[in-house]
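Presented below is the structure to which this report refers.
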Amino acid sequence: QSVLTQPPSVSGAPGQRVTITCTGSSANIGAGNDVHWYQHLPGTAPKLLIYRNTNRPSGVPARFSGSKSGTSASLAISGLQAEDEADYYCQSYDRSLSGRGVFGGGTKLTVL
Amino acid sequence: EVQLVQSGAEVKKAGESLKISCKGSGYRFSSYWIGWVRQMPGKGLEWVGIIFPDDSETKYSPSFQGQATISVDRAINTAYLEWGALKSSDTAMYYCATRLGYCDGGTCFDFWGQGTLVTVSS
C-alpha cells in the first residue's frame with residue numbers, strides 16, 4: 001500500500017479529457033516535495049511524462065498536463081488517443097520513508 | 001545519445017546469489033544519481049534505492065534496506081543491484097534509471113534502462 005493513492009483505473013472515449021489524481025499527505029506532497037508522472041506501456045520502460053509538478057519534457061504532447069495543490073496532484077490528458085492507453089504513476093518523496101522516493105500505486109487508463 | 005543497457009534475464013533458485021547490471025553511456029556517468037525500480041508481476045512500480053557514482057553515496061527505501069545492495073564500478077560506467085540469497089518474492093522486473101537533464105538536482109528519473117527480468121523459483 002503506497003503512501004500516494006491513485007485510482008486503480010480510469011477510462012474515457014477518444015477525444016475526451018480524463019484526470020488522474022495522486023493523493024498524499026503532509027509527509028510527502030503537502031511537505032512541498034515535487035510530484036512527477038510516468039507513462040508505462042506493457043513491455044517497455046517507464047517514460048517521464050511530467051516533472052516537477054507541471055513541466056513536460058521535450059517530445060511529450062501538450063495534451064498532457066500536471067498540477068499540484070495542497071496534498072494532492074493531478075495528471076490531465078485531453079484529446080484522448082488510443083495510444084494513451086497505459087499505466088500511469090505519480091512519484092514523490094516521503095518524510096516517513098527517510099526522505100526516499102515513492103511511487104503511487106498506478107492507474108490503468110483505458111481508451112474506450 | 002544517452003543509454004542505459006541492462007543485463008539479460010535471469011532464472012535462479014531461492015537461496016542463490018545474483019548481481020544484475022546497468023551500463024550507462026553517452027553522459028558523464030559519475031556525475032548523476034542512478035537508481036533501481038522494481039515491478040513485481042501484476043503490480044506497480046516501487047522505488048528501491050539510488051547511488052551517486054562519484055562517491056558511492058547510497059540511499060535505500062526502508063522496504064529494501066538490507067534486502068539487496070546497490071553498487072557501482074566507475075571504471076566501466078556500470079551500476080549493480082545484488083542479492084546474497086534470493087527469495088521467491090524477489091521475482092520481478094528491475095529497471096535502472098538516472099537523473100539527467102530534466103531531473104538533475106531533482107527527484108525524478110528521466111532516462112531508463114530496458115529492464116531485467118529476475119525469476120526466482122523455490
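The values are calculated or read from the model by the stated rules, or taken from the named source; none is laboratory data. Being a predicted model, the structure only gives us computed values, none of them experimental. Methodologically, a virtual Cβ is constructed for each residue, glycine included, from the backbone with ideal geometry; neighbour enumeration extends over all protein chains shown. Keep in mind that these areas ignore ligands, DNA and RNA; they rest on the heavy atoms of the full protein, side chains included. Shrake-Rupley method; radii C 1.70, N 1.55, O 1.52, S 1.80 Å.
Structural remarks
- Accessible area, probe 1.4 Å, largest first, for residues B:112, B:36: B:112, B:36
- Contact surface A-B: accessible area buried, both sides summed, square angstrom, 1.4 angstrom probe: 1900 Å²
- Relative contact order of chain B, taken over Cα pairs closer than 8 Å and 6 or more residues apart, is 35 percent.
- Across the accessible surface of chain A, with the other protein chains kept in place and a 1.4 Å probe, carbon and sulfur atoms take up 47 percent.
- Cα centroid of segment A:31-109 to Cα centroid of segment B:90-122, whole Å: 16 Å
- Amide N proximity, segment B:29-48 versus residue B:12 label position 7 Å along Cα-to-Cβ, cut-off under 19 Å: B:35-41, B:46-48
- Put simply, the Cα atoms of segment B:55-122 extend 42, 27, 23 Å along their principal axes, the longest span coming first.
- Average accessible surface area per residue within segment A:1-105, 1.4 Å rolling probe, Å²: 43 Å²
- Kirkwood hydrodynamic radius of segment A:1-53, from inverse mean 1/r over distinct Cα pairs, in Å: 13.1 Å
- Expressed in units of 2.2 N^0.38 Å, where N is the residue count, the Cα radius of gyration of chain B is 1.00.
- Per residue, the average separation of C-alpha pairs within less than 8 Å and at least 6 apart gives chain A a relative contact order of 38 percent.
- Nitroxide proxy distance, nm - points 7 Å out along Cα→Cβ at residue B:121 and residue B:67: 2.3 nm
- Lysines with Cα under 18 Å of residue B:87, excluding same-chain neighbours fewer than 8 positions away: B:12, B:13, B:19, B:43
- Computed from the Kirkwood radius of its Cα pairs, the Stokes-Einstein diffusion coefficient for the protein assembly as shown at 20 °C and 1.002 mPa s stands at 119 µm²/s.
- Coarse-grained scattering of segment A:43-112 at q = 0.23, 0.29 Å⁻¹, given as base-10 log I(q)/I(0) from a Debye sum over alpha-carbon atoms: -1.22, -1.57
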